[in-house]
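Structure first, commentary second.
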Amino acid sequence: MTHDDRYLNAAAAALMLGVSVKTARNIAASEGWRHDHGRPRRWHIDDIRRTRTHRKDHPA
């Protein structure tokens, strides 16, 4: 896995968390996920994995 493979975009983060892309971006901002400095921004996979949501229909 290369360095770039450890960063995911908002759509991939949303799929992992079972939330919308907009919600994934909001969570990223509030949780302070590490990110690359490109546009569009991508976030570190380990930060996404550590995040827990409060959705009842998604166990993450």
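Data table
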quantity	calculated
Search result, residues across region 33-46 that are surrounded by fewer than 18 Cβ atoms within 10 Å (Cβ to Cβ) and either aromatic (F, W, Y) or touching a residue at least 12 places away in the same chain (Cβ under 8 Å) (or both)	R34, H35, D36, P40, R41, H44, D46
Enumeration of residues in region 1-42 that are basic (K, R), assigned to a helix (DSSP H, G or I) and over 10 Å from the mean Cα position of the chain (by Cα)	R6, K22
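Every number in this text was worked out from the coordinates using simple rules, so none of it is lab data. Computed from a prediction, not measured in an experiment: that's the story for all the values here. A quick note on method: Cβ atoms are made from the backbone with ideal geometry, for glycine too, and the neighbour counts reach across all protein chains shown.
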